[in-house]
Amino acid sequence: MIIWILAVVLFACLGYAGFSFGAIRAAFSFIGLVMGALLAGPLGRLLKPALTAVGMTNPVLIWLMGPVIVYAAILILFKIIGLTVHRKVDVYYKYKAGDLRMALWNRLNARLGICLGMATATVYLTLISLVIYVLSYVTAQTMPGDQVSWSVKLLNIAGNNLQTSGMAKIAAAIDPMPEVYYEAADLVGLIYHNDLLEARLSRYPAFLSLGELPEFQQIANDTAFTELRQRQPPIMDIIHYPAVQTILKNPALLSRIWETVTPNLKDLEAFLRTGASEKYDGEKILGRWDFNLNRALGISRQLKPNMGSLEMRRLKLAMSLIFSKTVLVATLDKNVYIKNIGKIQFAPAARGAQPGGGFPAPRPGAAALAATIPQVTGTENLQGQWSPDGANYKIAIQDHGTFEAVVEGDQLTVSGYQFPMVFDREY
């Protein structure tokens, strides 16, 4: 209904404007409208440095404002030219052509102006439909319901009317937006309606490096933001959240995000739906891995079959303290992050003993056992690089040496460290 009301208003107003202003001004307005629509995109991109120089940092606003400024400038220029030509012609017929020719000209000018006004209304309706088509594709997925502003509601209704009226076919036929725009909109809509996918999003191989940046670490550890997302508020509430604003106000980071997202959109959507990446699953070490204490203890027992029960209990206690929250992240740029490794110290009476694996030698009695209970003094994060080593991998950690890493299915085993480390892939 909105589209048809808009059409009636446009044809009535612009038809009357063409009748009142005449064919010359209507013709130049029509030409300026068409030229502005054709040149707004290519020339608008040239304004990006200027808009950035005046302090505009939001990439969406820069993307929108450039074409709008060019379109308005071209349309105004043609209207000024049309007004100038109209005045010259009007002076000629008023003072030099005679009354009869002036009357004939005025009638022709007005009636032809109506036709050109209708043509201008057609172009305006097509361009407005195109804008509604492009914008409502995003808002319908990310800003549905009654919690949004009246302008967004109106845009969503207009977008729906565009489909039912058939005008969407015309808008789609002249749509200059790249396919990546709609793929990105589909992806945003999928994540917005499924907040649990955010965890899987952070595990996408191309995003693992981004996830280690402080801005994303802040969001990941922000419980208030997590609670906000679980309520599925209007997307503008999410955009205006301080931690999100920190990212949006960083042009370099936004550029890096876009350069990472653009070539991976289709694979990323498949990954979010299935948990598998056709593009990156060939590199088995990529991903986030959680420490598997029981499996690591099992390997420790295999390495030392004659380990006594007391020593095994001490080993289990120490490893649970050291690795209870340990996570390994292997990124696409061949970096490795081993996070939250606990730092422990033993009771003074036991520090002198040096059994295998760095643990104090077993002693009988409860007092001796209590004396060897380790204490956590903090955590540390290790960083290094991974590299292929045949079918397996090498992990070089700064100040700790190089270790062997073997991936078997969803399990990663790192050997050569003080303790065996076994990780399970996160999904």
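Taking every pair of Cα atoms in region 132-236, average 1/r, invert it to obtain the Kirkwood radius, and report Rg/Rh to two decimals.
1.05
Count the lysine pairs in region 268-347 that are 8 or more places apart or on different chains: how many have C-alpha atoms under 14 angstrom apart?
So the count works out to 4.
Tell me, what ³J(HN,Hα) does each residue in region 379-384 have, in order and in whole Hz, if you take phi through Karplus 6.51 cos²θ - 1.76 cosθ + 1.60 with θ = phi - 60° and put x for Gly and Pro?
Running phi through 6.51 cos²θ - 1.76 cosθ + 1.60 with θ = phi - 60° gives 10, 9, 10, 9, 9, x Hz.
Would you kindly derive the ³J(HN,Hα) couplings of region 235-240 from the backbone phi angles with the Karplus curve 6.51 cos²θ - 1.76 cosθ + 1.60 (θ = phi - 60°), listing them in order in whole Hz, with x for Gly and Pro?
Working through the residues one at a time gives 4, 5, 5, 5, 4, 7 Hz.
Quick one: grab Rg to one decimal and Dmax as a whole number for the chain, Cα atoms only, in Å.
In order Rg, Dmax, the Cα atoms of the chain give 33.7, 126 Å.
Say R0 is 25 Å: what FRET efficiency, to the nearest 0.05, do T402 and N294 get from their beta-carbon distance?
With R0 = 25 Å, the Cβ-Cβ based efficiency is 0.40.
Tilt of helix 251-261 relative to the longest C-alpha principal axis of the chain, in degrees (0 to 90, nearest 10)?
80
So for region 2-177, if I pair up every lysine 8 or more residues apart or on another chain, how many of those pairs have alpha-carbons under 26 Å apart?
Working: K48/K79; K79/K88; K79/K94; K79/K96; K88/K96; K153/K169.
For region 2-177, qualifying lysine pairs total 6.
Against the 2.2 N^0.38 Å scaling, with N counting residues, where does region 2-177 land? I'd like the Cα-based Rg ratio to two decimal places. Intermediate results must be reported in sequence, preceding the final value.
Details: Rg = 19.8 Å, N = 176, 2.2 N^0.38 = 15.7 Å.
Relative to the 2.2 N^0.38 Å estimate, region 2-177 comes out at 1.26.
Measure off 7 Å from each Cα along the Cα-to-Cβ vector at L197 and K304, then give the distance between these two points in nanometres to one decimal.
Computed distance between label sites L197 and K304 equals 4.8 nm.
Taking neighbour Cβ counts within 10 Å as the exposure measure, how do S277, S415, S202 sort from fewest upward?
S415, S202, S277
What distance in nm lies between label points placed 7 Å from Cα along the C-beta direction at L135 and T377?
It works out to 6.1 nm between the two label points.
Students often check this: by mean Cβ neighbours within 10 Å, which of 21-28, 210-217, 123-130, 301-308 ranks highest, and how do the rest follow? Don't skip to the end; give the middle numbers.
Working: 21-28: 23.5, 210-217: 14.5, 123-130: 19.1, 301-308: 10.9.
The peptides rank, most packed first, as 21-28, 123-130, 210-217, 301-308.
Compare the Cα positions of A50, T274, L130 along the charge dipole of the chain (+1 at Cβ of Lys, Arg; -1 at Cβ of Asp, Glu; about the Cα centre) and return the one farthest towards the positive end.
Result: A50.
How large are Rg and Dmax for region 5-58 when only the alpha carbon atoms are used, in Å?
In Å, with Rg to one decimal and Dmax whole: 16.7, 44.
In whole Hz, what ³J(HN,Hα) sequence does region 193-204 give by Karplus (6.51, -1.76, 1.60; θ = phi - 60°), x for Gly and Pro?
Those phi angles translate into 8, 9, 5, 5, 6, 4, 5, 5, 4, 5, 9, 5 Hz.
Extension gain R111-L154, at 0.36 nm per residue separation less the Cα-Cα distance, in nm?
Answer, rounded to one decimal: 12.0 nm.
Translational diffusion coefficient, Stokes-Einstein: compute it for region 222-298 using the Kirkwood radius over C-alpha pairs as Rh, at 25 °C and 0.890 mPa s, and state it as an integer in µm² s⁻¹.
154
Since every read-out is calculated from the coordinates, none of them should be taken as a lab result. Not measured: the values here are computed from a predicted model. Please note: Cβ atoms are built from the backbone with ideal geometry, for glycine as well, and neighbour counts cover all protein chains shown.
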